[in-house]
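All remarks here apply to the structure that follows.
The values are calculated or read from the model by the stated rules, or taken from the named source; none is laboratory data. This one's a predicted model, so the numbers in the text were calculated from it and none came from an experiment. So basically every Cβ, Gly included, is an ideal-geometry build from the backbone, and we count neighbours across all protein chains shown.
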Amino acid sequence: MMARRSEHTFMVGSYKTISGDTAKMQLALRLVEGIKASGLTQASTAAILQIDQPKVSKLMRFHITEFSILRLMRFLTLLGRDIEIIIKNPSNSKISSAGKLSIARKTDVRSH
């Protein structure tokens with residue numbers, strides 16, 4: 001049996017992006033928000049992320065196929081962001097469907 005990837009549509013700025021990898025898009029969104037909020041140029045960002053400026057341009061336009069989730073997470077940490085991964089048990093005792101993966105901003109996360 002072959003698993004079928006679902007596709008999701010995102011509006012990112014004025015860009016409409018279709019991707020089966022929602023976590024990757026959410027990480028890219030947080031990354032671009034961080035770059036814009038910092039006021040860094042693409043050249044400065046490239047130096048911090050240890051990549052060339054054309055790759056920063058791709059990131060800023062959400063052309064992220066060549067970037068893995070781990071690489072996007074590394075970029076976020078290089079920009080001074082903390083990444084926290086929380087694994088929770090299902091809300092009910094039965095496992096009835098696949099779990100979900102979500103990326104939250106720090107303001108979205110409640111203290112634990």
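Side notes on the structure shown:
- Restricting segment 11-51 to residues that are part of a loop (DSSP other than H, G, I, E, B) and farther than 19 Å from residue 80 by Cα, the residue that is modelled with the highest pLDDT is 21.
- Count of segment 71-106 residues, restricted to those that are closer than 22 Å to residue 38 by Cα, at pLDDT 70 or above and exposed (fewer than 10 other Cβ atoms within 10 Å of the Cβ), is 3.
Per-residue answers, yes or no, for (1) among the aliphatic types (A, V, I, L, M); (2) without any contact (Cβ under 8 Å) to a residue 24 or more places away in the chain:
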| site | (1), (2) |
| --- | --- |
| 58 | no, yes |
| 64 | yes, no |
| 70 | yes, yes |
| 81 | no, no |
| 85 | yes, yes |
